[in-house]
Amino acid sequence: MKIRFTEDLDNIEYAIRGLVPLAREAAKKGKKIIYLNIGDPLKYDFKTPKHIIEAAYNASMRDNRNYYGESQGISELREAISEHEKRINNVEISPNDIIVTQGVSEGISFICRILLDRGDEALVPSPSYPLYINVPELYHAKPVEYNVVEEDGWIPDVDDIRKKINDKTRFITIINPNNPTGSVYSEKVIRNIIDIAGEYGIPIVSDEIYNQIVFDGRFISPASISKDVPVFVLNGFSKAYLMTGWRLGYIYIHDPSGENRERAINLIMKMAMIRLSANTPAQYGAVAALRGPQDHIKEINRRFRERSELMYKRLSEMPGISVVKPKGTFYIFPRISREIFSGDDKKFVKKLLLDTGVFVVYGSGFGETGVGHFRAVTLPPEDTIGEAMDKIEEFIEKIS
Ligand SMILES: Cc1ncc(COP(=O)(O)O)c(C=O)c1O
């Protein structure tokens, strides 16, 4: 018996994990792999703060809070998120307008599901975090990439956003601070995007997962300055609270006119109910994350910055590589010049992996503008970064 499967997934590709089987194969053959592919601090020498673990442990092991939580998220956590958003982003948001998700990943699915019908378009940055390209496609909608300009420090091209808006456009995505480029947008850029969104009556989807990982410049949430444009904000605990595996995030809608709030929450709640709830003990951990000591954030930013600067310095000294200095996050997105590698970026990355064991992600996996680039994670300890950079340098010398 041959089963008939959907064809919808055939063209879906998640570049960040796509080459993992190849890396495993190389490792099996004895190659030492240096993983610079996944933005997970816990895979390196960063640990979830103890008070967060204790709170989740107590919830589960001592207090038996091992039940399904409310689909919207436990009220303590939504209250803590509301206080936190006021404190760090100056956004007033009621706990009733917050929905806890299983990571920002689930938030992206929820938002695309409630805003996109078949044939609709979502404006996404190019390069973009791959989910913003994959998920609209999953829902039979079309991600339309707007240019982000490398020469300007990877800043969105507002004129290109305007050019690509049409009557099928359902939202404009902003990822700031940005994965994969490490850029942090100025208030002016954010205001320009809000202005266009207002002019055409289109909401903004703002991915703020790196909002506390900034070492040059200042993060501004569009929700804190938008006076008329609705903003769907996505944020989570994976990065600043070192909780990647806990799978927790949240969505809220900033809706200045109040016209959309109820419908938006109702629809998101339908999605939330279908999947019952996020992990309950983990949510108690997240309450401790937001209400407990925040000292680790300064400390990890110091380490993230040192490592990012080291990798930037090494890459910018390499012939054939040009690179914009990251201002936040833990990514860097260098360009490979055509002189050293005339083939595509996927081939470059595969060859780099097989020849040297250094595992980075091919730039085209982040969209059109990513072609000819690669993304490296700047998280490893200095000596690992040094070793990886030596290997990349030797590799480039060899293929030049
Ligand atoms: C821009 C961006 N959004 C969302 C996610 C997914 O995060 P989460 O762990 O909350 O699902 C990531 C993960 O790397 C990301 O870089």
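Would a scan of the range 262-274 turn up a residue that is in a loop (DSSP other than H, G, I, E, B) and out of contact with any Ser or Thr (no Cβ under 7 Å at 6 or more places or on another chain)? Looking through the range 262-274, none of the residues is in a loop (DSSP other than H, G, I, E, B) and out of contact with any Ser or Thr (no Cβ under 7 Å at 6 or more places or on another chain). For Ser71, state whether it is among the hydroxyl-bearing types (Ser, Thr, Tyr), within 16 Å of the ligand (Cβ to nearest atom) and on the phi < 0 side of the Ramachandran plot. No: the conditions fail for Ser71. Farther than 21 Å from Val233 by Cβ, at pLDDT 95 or above and within 15 Å of the ligand (Cβ to nearest atom): is that true of Ser126 in this structure? Here the answer is yes, as Ser126 does meet what is asked. For Met269, the criteria (1) in the same structural domain as Ala388 (by TED's automatic domain parsing); (2) more than 30 Å from Phe333 (Cβ to Cβ); (3) of a type in the set (A, V, I, L, M) hold in every case but one, which is (1). Between Phe330, Phe348, Phe395, the distinction of being under 30 Å from Lys47 (Cα atoms), touching a residue at least 24 places away in the same chain (Cβ under 8 Å) and open to solvent by less than 20 Å² (accessible area, probe 1.4 Å) belongs to Phe330 only. Within the range 1-22, the set of residues being under 17 Å from Lys346 (Cα atoms) and under 23 Å from the mean Cα position of the chain (by Cα) comprises Asn11, Ile12, Glu13, Tyr14, Ala15, Ile16, Arg17, Gly18, Leu19, Val20, Pro21. Is it the case, given these coordinates, that Val229 is buried (at least 18 other Cβ atoms within 10 Å of the Cβ), of a type in the set (Val, Ile, Thr) and in contact with a His (Cβ under 8 Å, 6 or more places away or on another chain)? Taking the combined requirement at face value, the residue does not satisfy it.
To keep it simple, each residue is scored yes or no on (1) in contact (Cβ under 8 Å) with a residue 40 or more places away in the chain; (2) under 19 Å from the mean Cα position of the chain (by Cα); (3) open to solvent by 10 Å² or more (accessible area, probe 1.4 Å).
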{"residue": "Ala240", "(1), (2), (3)": "yes, yes, no"}
{"residue": "Trp246", "(1), (2), (3)": "yes, yes, yes"}
{"residue": "Asn266", "(1), (2), (3)": "no, no, yes"}
{"residue": "Ser277", "(1), (2), (3)": "yes, no, yes"}
{"residue": "Gln294", "(1), (2), (3)": "no, no, yes"}
{"residue": "Phe304", "(1), (2), (3)": "yes, yes, no"}
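A quick yes/no check of all residues on (1) within 15 Å of the ligand (Cβ to nearest atom); (2) exposed (fewer than 15 other Cβ atoms within 10 Å of the Cβ):
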| site | (1), (2) |
| --- | --- |
| Met1 | no, yes |
| Tyr14 | yes, yes |
| Ile33 | no, no |
| Leu36 | yes, no |
| Asp40 | yes, no |
| Phe46 | yes, no |
| Pro49 | no, no |
| Asn66 | no, yes |
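Among the residues of the range 139-147, are any over 22 Å from Leu9 (Cα atoms) and more than 16 Å from the chain's Cα centre (by Cα)? Checked the range 139-147: at least one residue is over 22 Å from Leu9 (Cα atoms) and more than 16 Å from the chain's Cα centre (by Cα).
The values are calculated or read from the model by the stated rules, or taken from the named source; none is laboratory data. All values derive from a computational prediction rather than experimental measurement. Because the Cβ atoms are built from the backbone with ideal geometry, glycine has one as well, and the counts that use them run over all protein chains shown. Only protein heavy atoms, including side chains, enter the accessible area calculation; ligands, DNA and RNA are left aside. Shrake-Rupley method; radii C 1.70, N 1.55, O 1.52, S 1.80 Å.
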